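Here's the structure we're looking at; comments come further down.
The values are calculated or read from the model by the stated rules, or taken from the named source; none is laboratory data. Keep in mind the model is a prediction, meaning the values are calculated, not measured. Please note: Cβ atoms are built from the backbone with ideal geometry, for glycine as well, and neighbour counts cover all protein chains shown. Ligands, DNA and RNA are excluded from the accessible area calculation, which covers all protein heavy atoms including side chains. Shrake-Rupley method; radii C 1.70, N 1.55, O 1.52, S 1.80 Å.
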2 protein chains.
Amino acid sequence: MAMKPILINGEWQLGDYVGSFQATNPTTAQTIATEYPISGRGDLELALNAGVAASRELAQSSAEQRATFLEHYADLIEANRQQLSELAHSETGLPIEPRLNSVELPRTVNQLRQAANAVRNHTWELATIDTKANIRSLYGSLAAPVAIFGPNNFPFAYNAIAGSDFASAIAAGNAVIAKGHPSHPATTERLAQLAHEAVVAARLPAASVQLLYGLPDELGLALVSHPLIGAIGFTGSRRAGLALKAAADQAGKAIYLEMSSINPVVMLAGAVTERAEALAAEFAGSCTLGAGQFCTNPGLLILEHSAASNDFIEATKTHFSQYPSLTLLNQGVLAGIEEGISALQDAGAQVLVGGHGLDDGYRYANSLLYVAGNSFLANPQALSHEVFGPVSLIVECADQAEVLQVLDCLEGNLTGSIYSSSAGTDEAFYQVVAERLRAKVGRLLNDKMPTGVAVSSAMNHGGPYPATGHAGWTAVGFPATIRRFAALHCYDNVRESRLPSILQNANPQAIWRLVDEQWSNA
Amino acid sequence: MAMKPILINGEWQLGDYVGSFQATNPTTAQTIATEYPISGRGDLELALNAGVAASRELAQSSAEQRATFLEHYADLIEANRQQLSELAHSETGLPIEPRLNSVELPRTVNQLRQAANAVRNHTWELATIDTKANIRSLYGSLAAPVAIFGPNNFPFAYNAIAGSDFASAIAAGNAVIAKGHPSHPATTERLAQLAHEAVVAARLPAASVQLLYGLPDELGLALVSHPLIGAIGFTGSRRAGLALKAAADQAGKAIYLEMSSINPVVMLAGAVTERAEALAAEFAGSCTLGAGQFCTNPGLLILEHSAASNDFIEATKTHFSQYPSLTLLNQGVLAGIEEGISALQDAGAQVLVGGHGLDDGYRYANSLLYVAGNSFLANPQALSHEVFGPVSLIVECADQAEVLQVLDCLEGNLTGSIYSSSAGTDEAFYQVVAERLRAKVGRLLNDKMPTGVAVSSAMNHGGPYPATGHAGWTAVGFPATIRRFAALHCYDNVRESRLPSILQNANPQAIWRLVDEQWSNA
């Protein structure tokens, strides 16, 4: 079996690979024959040098050209949806319908189109003009390549070569060096072919989009700390994320991380009394959706002990038992679940449902665990680690004070949900809980589970450390997410004809700009 | 002589100090009698705990209350301007007129009022509403204290307890733990008294503003990496900044640094031919202003060799010799200049003017150095280190290609200036130079020296690493600078009455919001 080539500077080439890997079909646990290279230092240097040259061109490219690329790429993905879904299914075990073909692929295409729209309307640039001082600024390209590390759980929507980070980096006018996730290389390869086709059609520089399938750990660190790199986007585990962060920080490179999160859900007493059964169905549905392999999977549920809390727990147990146990992404996820549940048990949690693997392929029973509030407080760190998969922990507290103590032990998270009664009986305690959660999460939800991240201008798919590396940025939602891969460019007394067109006095495209502290499109 | 107290949780107290220090009058080189404490770990913990409680209250405070505080504080500073200017003069040697009393103090007061204005008009929050998905977001308080480390060179405008970082952190709804610069403790003390008076008057929590005069190095590191700290602002040397950055990064804390910068000035051939004498006067004036002790001091000038370049250099020499040599901030600055010039000489630069200390107080002759482009390229790192003071290096290049090679060697800087002919003869090369500089600086100037940072909504007082820690943020200019000390807060399906008022559907204050991707104040 021949080794698959990487994409460097517009050429598919084998490069100076130092090893190889193969993916596995998680449904059958069979290795897939195709071999993909683990690239060496020479490839990295080639990609970086080509990426710098391409980024300098992209920094000067028109918004129209970048938007056209993003839209054409979206069209190509749509035109190849059946093939892409089948490839992704074979490598991830995720169901073709509805997940891959009708949910994730359309979402990915929609993201690319929203990015194109944000490029065209220039909102991400936050063009600001001080007419009195003749000082003007906007967010602009880094003029340097951005390295994107994709995760295992979204072969399309967060793919290093098709997802939100990818679209954002290109939108801002930077080349991308994509490091695909080794779980789904064939999917990534096909996406890269389409991306490259769109690059050529849009006449963007050949190295605007480059692809590596694998890197030894030390070269991953070399990439994120390389003098030529502009910034880094990473979605994945905390362990890998923190290792990359340390290297990037040391080199003064901006790295945007999306790491682990347990996404606490607080069910207030009134809500549980009012609708225990409905809440149980909703919670169990969110926990087991996609085998729980979402960054926003609700891994921790906090509620007060009552007669109704018992009903809620019983109903949740039933749903966990009855909802299907889907195939996991890979053996690593399976091993992580086994290890994670064992650690939770060691720390005092009790398995209510599941807690064991299943026979065929990579599968694990939906698992619901339980711990009393005072036991949680005896060992909060060990009991608030993410277990990536269909595993959630209920913390049942003696009273409201204990609920607050549990919240105070939590680290930064992507989301926090609060369910309260429709009658308003929970209002006073809601305010207290919401204030505590607000400081610990990026997105605060009411009466809603955190799974299902809308690609919205108001979305925050981010949150305080260690859910991400910085509480000010979001990984999803245009235009804000684009600004991560940009620098603030100020022009002081620069002659009118030399200014970027959107900072010139005339505004023929009616772009929204902050002019003398008032937003205006005149 | 009694030890001066620190300000913790609204109380002036001695705390568990571990040492003490005294300032020096740089004009006379005499030690000032007053003793200030170097605080211990107990003080740090007290300040952090009080700061967290205060920050939680500030996060819930009204914009009006924070704005009122900032304005009242500005009024108090103005009412005490004579006393403050005299104190600052005695500790920094900076002239009372015009610098302290008529430039820096009014600027500081203006900054506080601009921050108040930004708080009232809510522009910094970037309120964003997606009506279809019912998702809303804004930038909001960290609900945790911000540590501010002030520099030596601006006793008012960047003072840890009165400057832009201070105003921004409070504006965003966070308490401040100020770590004053040890060069001017009495100035900082007086400002802290006024700030505290304004805190009390505005009925803000007592710990909204706290002050430490000194910390042992290891406690500085403990402060920026403490679990209770929200974020850090630092202005000062690269050495100190990088040490704090490493500690903060490791703990996952956001740190905003403003470190060294040599602020390259490129004089294109047409400009030099057109107006050598005027350019020399402007350059020398900017280099020696305030004894060159500005972060935006033009430390490096690049030009092409020509008959006119010779005229320019000769005229610059004359001005460097004739402009007054002002008193330096402290002995450390003097020692740094001696060391810096010696290093430049070792690396091949030649002293054209100055290069020696002066007899009275802390003074050093205005110093102009020279190196040919090819010599610069032989040792670019050693020749592009900042020398903080009235010291600038001219790099004379053989041709345009060499100018570009020199630019390519530069690190990230706060500013980059390009002077070109009014006739347009430099236009083609301007484009090439501007593109190179754009990627390396935060603020690009035309025909203007970088000193004099306007407090403008469009300002970027920032730039790529290592001038700062991140190219996306500015340390000066409302509203953008406030967002550094904020988190992105998203509300998903949150009931209308529970939303922050500016995210509710009604918009009685006519605040500018991004509603369904259109800016609107309706």
Put A:THR481, A:THR34 in order of accessible area, largest first, 1.4 Å probe: what do you get? A:THR34, A:THR481
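Please report the relative contact order for chain A, taking Cα pairs under 8 Å with a sequence separation of at least 6, and give it as a percent rounded to a whole number. Intermediate values should be presented prior to the final figure.
Values: 1224 pairs, mean separation 87.6, N = 522.
Reported as a whole number, the value is 17 percent.
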FRET efficiency (B:THR131, A:ILE96; Cβ distance; R0 35 Å; to 0.05) is 0.55
Looking at the square roots a ≥ b ≥ c of the eigenvalues of the Cα gyration tensor of segment A:297-386, which shape do they give, rounded for a/c under 1.5, prolate if a/b is larger than b/c, or oblate? oblate
Virtual spin-label span in nm between B:GLU11 and A:THR318, 7 Å along Cα→Cβ: 5.8 nm
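Residues of A:285-295, mean number of Cβ from any other protein chain within 10 Å of their own Cβ, rounded to a whole number?
For this peptide, the per-residue mean of nearby foreign Cβ atoms is 0.
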Can you figure out the FRET efficiency of B:GLU197 with B:ARG41, using R₀ = 30 Å and their beta-carbon distance, to the nearest 0.05? 0.55
List the residues, sorted by chain then number, that are 5 or more residues from A:THR415 or on another chain and whose placed amide H is less than 5 Å from its amide H. A:ASN263, A:GLY442, A:ARG443
Protein-protein interface of segment A:237-256, residues with accessible area decrease of at least 10 Å², isolated chain reference, 1.4 Å probe: A:LYS245, A:ASP249, A:GLN250, A:ALA251, A:GLY252, A:ALA254, A:TYR256
From the label point of A:ILE96, set 7 Å from Cα along Cα→Cβ, how far away are the matching label points in the other copies, in nm, ordered shortest to longest? 8.6
For A:ALA307, inter-copy label-point distances (7 Å, Cα→Cβ), nm, shortest first, read 10.4
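Any chance you could list the semi-axes, whole Å, largest first, of the equivalent ellipsoid that the Cα gyration tensor gives for segment B:381-515, using √(5λ)?
Values: eigenvalues 347, 60, 38 Å².
They are 42, 17, 14 Å, listed from largest to smallest.
Looking at the square roots a ≥ b ≥ c of the eigenvalues of the Cα gyration tensor of the protein assembly as shown, which shape do they give, rounded for a/c under 1.5, prolate if a/b is larger than b/c, or oblate?
On the way: a/c = 1.98, a/b = 1.34, b/c = 1.47.
The shape class here is oblate.
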What are the extents of the Cα atoms of chain B along their three principal axes, in Å, largest first? 72, 65, 42
Heads up, I need the accessible area for A:ILE418: 1.4 angstrom probe, whole protein in place, Å², nearest 10. 0 Å²
Would you work out the relative contact order for segment B:123-206, in percent, from Cα pairs under 8 angstrom that are 6 or more residues apart? 24 percent
What per residue convex hull volume, in Å³, comes out for segment B:26-155 when only alpha-carbon positions are used? 146 Å³
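Hey, got the average number of other protein chain Cβ atoms within 10 angstrom for residues in A:477-490?
Across the residues of A:477-490, the mean count of other-chain Cβ atoms within 10 Å is 5.
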Farthest toward positive dipole pole in segment A:265-446 [+1 Lys/Arg, -1 Asp/Glu at C-beta], among A:GLY290, A:HIS319, A:TYR419: A:GLY290
Going by a ≥ b ≥ c, the root eigenvalues of the Cα gyration tensor, does segment A:265-446 fall in the rounded group (a/c under 1.5), the prolate group (a/b larger than b/c) or the oblate group? prolate
Can you compute the modelled spin-label distance between B:ALA378 and B:ASN80, with each label point 7 Å from Cα toward Cβ, in nm? 5.6 nm
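Using a 10 Å cut-off around each Cβ of peptide A:456-469, what is the average number of partner chain Cβ atoms that fall inside? If you can, show how the numbers build up before the last one.
Details: counts 13, 11, 20, 8, 10, 2, 3, 4, 6, 4, 1, 1, 1, 3.
What the average comes to for A:456-469 is 6.
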Less than 14 Å Cβ to Cβ from B:ALA88, Lys/Arg counted +1 and Asp/Glu -1: what total charge do the surrounding residues give? -1
Cα atoms only, segment B:85-147: Rg and Dmax in Å? 19.4, 61
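Measuring with a 1.4 Å probe in the full set of protein chains, what accessible area per residue, in whole Å², belongs to chain A? Can you show the working numbers first?
Values: 16810 Å² over 522 residues.
Using a 1.4 Å probe on heavy atoms only, each residue of chain A averages 32 Å².
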If the label for B:ASN110 sits 7 angstrom from Cα along the Cα-to-Cβ line, what are its distances to the same label in every other copy, in nm to one decimal, shortest first? 4.8
Let me spell out the model: positive unit charges on the Cβ of Lys and Arg, negative unit charges on the Cβ of Asp and Glu, origin at the Cα centre of chain A. What dipole size does that give, in debye rounded to 20? 1460 debye
Which value in deg cm²/dmol, rounded to the nearest 500, describes the helix-derived mean residue ellipticity at 222 nm for chain B, given -39,500 (n - 2.57) per DSSP H run of n ≥ 4 and division by the residue count? -12000 deg cm²/dmol
Can you give the relative contact order of segment B:265-446 as a percent, counting alpha carbon pairs under 8 Å and 6+ residues apart? 28 percent
Net charge of neighbours whose Cβ lies under 12 Å from the Cβ of B:ARG436, counting Lys and Arg as +1 and Asp and Glu as -1: +1
Chain B: longest segment with zero exposed trypsin sites (Lys or Arg not before Pro), where exposed means DSSP loop plus at most 13 other C-beta atoms within 10 Å, is residues B:204-522
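Please report, in debye to the nearest 20, how large the charge dipole of the protein assembly as shown is about its Cα centre when each Lys and Arg carries +1 at its beta carbon and each Asp and Glu carries -1 there. Mind showing how you got there, number by number?
Values: 62 positive and 96 negative charges, 210 e Å.
Computed charge dipole of the protein assembly as shown: roughly 1020 debye.
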Taking the alpha-carbon distance from B:LYS179 and a cut-off under 15 Å, which aspartates and glutamates remain once sequence neighbours fewer than 8 residues away in the same chain are dropped? B:ASP43, B:GLU45, B:ASP165, B:GLU189, B:ASP217, B:GLU218
If every Lys and Arg gets +1 and every Asp and Glu gets -1 at its Cβ, then about the Cα centre segment B:265-446 yields a dipole, in debye to the nearest 20, of 360 debye
Occluded residues from segment B:415-448, i.e. those whose accessible area drops by 40 Å² or more once the chain is not alone (1.4 Å probe): B:GLU435, B:ARG438, B:LEU444, B:ASN446, B:LYS448
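Within 13 Å, Cβ to Cβ, of B:PHE166, how many net charges do the neighbouring residues add up to if Lys/Arg are +1 and Asp/Glu are -1?
Surrounding charge for B:PHE166 is +2.
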Give the B-A buried accessible area in Å², both sides summed, 1.4 Å probe, nearest 100. 5900 Å²
With each pseudo-label sitting 7 Å past Cα toward Cβ, what's the A:GLN22-A:HIS305 distance in nm, one decimal? 5.4 nm
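For the protein assembly as shown, with all protein chains present and a 1.4 Å probe, just round the carbon and sulfur fraction of the accessible area to a whole percent.
Working: 17210 of 33650 Å².
Carbon with sulfur: 51 percent of the solvent-accessible area.
For B:VAL176, B:VAL18, write out the residues from largest to smallest accessible area, computed with a 1.4 angstrom probe and no ligands counted. Intermediate results must be reported in sequence, preceding the final value.
Numbers: B:VAL176 0, B:VAL18 100 Å².
So the residues, ranked largest to smallest area, are B:VAL18, B:VAL176.
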